[in-house]
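Only one structure is covered here, and it is reproduced in the block below.
The values are calculated or read from the model by the stated rules, or taken from the named source; none is laboratory data. Values in this document were obtained by computation on a predicted structure and should not be read as measured data. Just the protein is used for accessible areas: all its heavy atoms, side chains included, with ligands, DNA and RNA removed. Shrake-Rupley method; radii C 1.70, N 1.55, O 1.52, S 1.80 Å.
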Amino acid sequence: MFHSNSSSIATSTSSSSSMVTTIPIYNISQSQQNAVDVICAHFYSSFYSLTTQLKTCSISSSDSVKKTSATLIMRTPFLNLFPPNQRNFIENFMETQMFSNRVDEMFGTHSII
């Protein structure tokens, strides 16, 4: 369980009202922080591993004169890399900002998914 700190954040609920809501700030123990770190690392590793084959399903183009580049991700070949029972999740995952950020991280370009 989280332990309340003596600090708090005060926020106004309305610009026309003088009513103020106080929201407590919570501290967590070191063991709770360690658990969060392990869970986050596992999620990152899992999502990272989902995209390891992404380069095999992409087409990249660059223009050295305009100093631009773009990458096209071929959805169907990428989805076909996964077992049928995982494809629905992967297809939904491809619509997330997390996936988009990962693609940009991998290719360092503007990507079209």
Next item on the list: Would you give the gap between the C-alpha center of the range 91-107 and the C-alpha center of the range 28-43, rounded to a whole Å?
Entry: 24
Item checked: Protein-only accessible surface order, largest first, of VAL36, VAL65, VAL103 at 1.4 Å -> VAL65, VAL36, VAL103
